[in-house]
Amino acid sequence: MRFVNSQDYGFSTMAIWGLVYKFTCLCYRSLDRIFDIVYWPVISLLLWGFTSMFIASTSSFSGVMEFFLGGAVLWSLFWRAQTDVGTFILEDFWSRNVYNLFASPVTSIELFVAIGLIGLIRCILSFLFLTFLAWGLYAFNIMDIGGTAIAVFTSVLLLFGWVIGILIAALIFRYGLRIQILAWSVGFIIQPFSCVFYPLDSMPGWVQGIAITLPSTHVFEGLRYAIATGELAWQPLLLSFGLTAVLFILSIAYFQYALYQAKKLGLLTRFEMA
Amino acid sequence: MALLEIRDLRKRYGTVEALQGLSLDVERGEFFGLLGPNGAGKSTTINILLGLIIADGGSIRIFDHDFTANHVAIRRRMNVAAAFTSMNGVLTVWENLMVYGRIYGVKQLPRKIDELLERFEITDLAKRRLQHLSSGQHTRVTLCKGFLNDPELLLLDECTLGLDPDIAEKTRRALQAVQQERKTTILFTSHNMNEVEELCGRIAFLSQGEILRVDTAAHIKRLIPHQVVEVTFQAGSDLTPIRQLNGISRIERNGDHALRFVLDDPTHQLDPLLRHLTQSGNPIVDIHVSRPTLEDVFIKVARGEL
């Protein structure tokens with residue numbers, strides 16, 4: 001049985017603007033939505049900044065600051081993108097707005113475009129803040145790796161963050177608020193396998209088997225390669241970009257399927273009573 | 001051509017048949033009531049019409065279009081106000097209405113919001129956060145949202161729940177006024193029978209996922225044919241001969257000096273009863289005739305007696 005039709009892929013710019021307006025209001029009216037743009041990324045930057053200072057002072061390993069801080073700054077982009085999708089979807093569950101929202105003519109595409117737009121702005125703010133902070137505290141400028149590299153790395157990480165966020169949103173629609181913790185915790189599960197702070201070939205074989213399937217791994221491998229050689233490893237990066245694009249389409253399809261299942265089981269109306 | 005046509009709508013949750021082939025037509029401009037006890041299938045029907053639940057079988061045509069194939073376009077022309085739902089609590093009333101106005105593609109939105117806030121007498125709440133409103137104020141905001149896009153079809157689910165009698169009365173007046181001005185078709189559910197009787201031209205009575213009857217309130221009340229006549233006599237009256245009256249379905253003693261007469265066929269039984277009472281020679285102190293209410297029908301349906 002078909003669970004979507006062509007209408008589900010349509011979008012109205014006015015509806016998207018309405019949703020962007022809602023998410024903007026949610027951000028400036030909610031202190032934690034402002035706070036979380038910088039809180040965890042700053043904690044991470046401080047942690048890895050001091051760790052790299054210590055390692056740099058006790059070993060001959062060159063470029064340690066760039067490896068660790070570059071990883072911390074870029075990882076914050078993935079984490080921001082992924083959690084924003086989950087939390088903006090959860091906001092509607094928490095406010096019992098799911099009923100009104102999905103009874104309206106809004107489509108999933110409009111919803112995700114709006115979350116993507118507001119998420120992009122929040123990511124840029126977070127990235128700029130961390131870039132200035134890293135430069136101010138540790139004299140590390142991530143822009144030194146070049147505009148092209150930054151554009152490639154950030155686009156893969158943002159898209160991959162949205163993929164994970166959309167999958168979590170789909171699971172929330174299917175299984176309800178009892179799994180909402182995934183919105184914040186999945187990033188921590190993916191991080192060790194993404195080789196953010198260490199090279200892929202230093203990992204045990206079974207970890208490498210998992211890591212190589214994650215687009216994020218190729219970004220961090222690419223980052224280290226760019227720092228070491230000043231060049232971009234185009235082939236793995238393009239492959240990871242292609243893989244992320246495919247995953248993105250699959251995640252949207254899975255979300256539509258989960259939403260269809262939720263409607264079949266009457267779950268959308270039960271969330272209001274929860 | 002009916003504005004809303006439901007044919008053989010079916011929905012099952014596990015072993016529970018929520019809707020068992022429900023069919024219904026609602027005409028353009030009607031204020032139509034859906035009544036029935038909990039679990040009768042009212043909310044399931046409304047939620048299917050909103051696209052929040054997918055039916056197992058049957059078809060829905062709204063505005064002469066198939067709902068499944070055109071649900072996004074159709075939902076732009078309809079709206080809902082349900083008391084148990086909310087919008088974003090941290091946003092103000094104005095911001096929430098701006099969000100939904102844009103989602104529904106409303107033109108001249110600020111003017112429209114002002115007009116509705118004034119209509120439902122909550123202009124002073126525009127800048128208040130939704131989470132800080134009382135349930136009555138919240139309900140009126142929900143109604144404003146419901147009318148934002150001048151819907152051709154509006155679904156009102158328990159929309160006056162939690163309102164005090166004064167505000168509920170004002171809300172009913174506002175609903176009637178807006179509905180008559182705009183010829184909005186309204187599908188209305190409530191457990192307040194007086195409200196349903198006052199507002200709705202026709203009512204569908206649902207029970208166990210099926211429509212028991214679609215008719216006006218006056219006709220539905222005739223599902224209970226009997227009337228009850230309660231007569232209080234002066235103290236010391238001899239009620240024995242009166243209790244022996246033939247042709248009355250049931251005569252019960254109601255205190256020392258009063259009798260209850262249950263008439264199954266009031267048209268033919270009331271006149272002979274009153275003649276008999278006056279001829280009995282016992283002075284009557286009080287007389288009260290109770291006709292069945294919509295609530296009586298509701299209770300009998302809920303208890304499976306109808």
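The values are calculated or read from the model by the stated rules, or taken from the named source; none is laboratory data. Computed from a prediction, not measured in an experiment: that's the story for all the values here. When we count neighbours, we look across all protein chains shown, and the Cβ atoms used for this are built from the backbone with ideal geometry, even at glycine. Just so you know, the surface numbers come from the protein's heavy atoms only, side chains and all, with ligands and any DNA or RNA stripped out. Shrake-Rupley method; radii C 1.70, N 1.55, O 1.52, S 1.80 Å.
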Quickly run through region B:128-158 and pick out the residues that are of a type in the set (D, E, K, R) and open to solvent by 10 Å² or more (accessible area, probe 1.4 Å). B:Arg128, B:Arg129, B:Arg140, B:Asp150, B:Glu152, B:Glu158
On the basis of being more than 30 Å from A:Ser62 (Cα to Cα), among the hydroxyl-bearing types (Ser, Thr, Tyr) and in contact (Cβ under 8 Å) with a residue 12 or more places away in the chain, does A:Thr217 make the cut? no
Among the residues of region A:132-145, write down those that are assigned to a loop (DSSP other than H, G, I, E, B) and either basic (Lys, Arg) or exposed (fewer than 14 other Cβ atoms within 10 Å of the Cβ) (or both). A:Ala139, A:Asn141
Please verify whether region B:16-36 includes one or more residues that are closer than 16 Å to A:Leu267 by Cα and either modelled with pLDDT of 95 or more or out of contact with any strand residue (DSSP E or B) (no Cβ under 9 Å at 6 or more places or on another chain) (or both). yes
Given the criteria open to solvent by 60 Å² or more (accessible area, probe 1.4 Å) and among the β-branched types (Val, Ile, Thr), does B:Val297 qualify? no
Starting from residues that are under 39 Å from the mean Cα position of the chain (by Cα) and open to solvent by less than 60 Å² (accessible area, probe 1.4 Å), keep the ones in region B:264-288 and report whichever is farthest from B:Ile224 (Cα to Cα). B:Leu277
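Quick grid of which residues meet (1) of a type in the set (D, E, K, R); (2) touching a Cys at 6+ places or on another chain (Cβ under 8 Å); (3) in contact (Cβ under 8 Å) with a residue 60 or more places away in the chain:
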{"position": "A:Leu133", "(1), (2), (3)": "no, no, yes"}
{"position": "A:Gly136", "(1), (2), (3)": "no, no, no"}
{"position": "A:Ile142", "(1), (2), (3)": "no, no, yes"}
{"position": "A:Ile145", "(1), (2), (3)": "no, no, yes"}
{"position": "A:Ala151", "(1), (2), (3)": "no, no, no"}
{"position": "A:Leu171", "(1), (2), (3)": "no, no, yes"}
{"position": "A:Arg174", "(1), (2), (3)": "yes, no, yes"}
What do you reckon, is A:Val4 open to solvent by less than 50 Å² (accessible area, probe 1.4 Å) and modelled with pLDDT of 85 or more? no
Kindly state which strands (runs of 3 or more DSSP E) lie completely within region B:17-93 and contain at least 3 residues that are within 8 Å of another protein chain (Cβ to nearest Cβ) and open to solvent by 10 Å² or more (accessible area, probe 1.4 Å). none
Please work out which residue is surrounded by the most Cβ atoms within 10 Å (Cβ to Cβ), limiting yourself to region A:92-104 and to residues that are within 7 Å of chain B (Cβ to nearest Cβ) and assigned to a helix (DSSP H, G or I). A:Asn100
Evaluate region A:33-40: report whether one residue or more is facing another protein chain (nearest Cβ under 10 Å), touching an Asp or Glu at 6+ places or on another chain (Cβ under 6 Å) and either modelled with pLDDT of 90 or more or surrounded by fewer than 24 Cβ atoms within 10 Å (Cβ to Cβ) (or both). no
Does region A:84-104 contain any residue that is farther than 30 Å from B:Asn47 by Cβ, within 20 Å of the chain's Cα centre (by Cα) and modelled with pLDDT of 90 or more? no
Here is a list: A:Ala81, A:Ala56. Which entry is touching a helix residue (DSSP H, G or I) at 6+ places or on another chain (Cβ under 8 Å), open to solvent by 40 Å² or more (accessible area, probe 1.4 Å) and more than 12 Å from chain B (Cβ to nearest Cβ)? A:Ala56
Yes/no for B:Gly136 being more than 27 Å from B:Ile62 (Cα to Cα), assigned to a helix (DSSP H, G or I) and touching a residue at least 24 places away in the same chain (Cβ under 8 Å): yes
Looking at region B:206-225, can you tell me whether even one residue there is in contact (Cβ under 8 Å) with a residue 40 or more places away in the chain and touching a Pro at 6+ places or on another chain (Cβ under 6 Å)? yes
Only residues that are at positive phi and within 14 Å of another protein chain (Cβ to nearest Cβ): list them for region A:229-267, please. A:Gly266
Search result, residues across region B:262-306 that are touching a residue at least 40 places away in the same chain (Cβ under 8 Å), of a type in the set (S, T, N, Q) and within 17 Å of B:Thr240 (Cα to Cα): B:Asn282
B:Arg12: within 12 Å of chain A (Cβ to nearest Cβ), on the phi < 0 side of the Ramachandran plot and either open to solvent by 20 Å² or more (accessible area, probe 1.4 Å) or modelled with pLDDT of 95 or more (or both), yes or no? yes
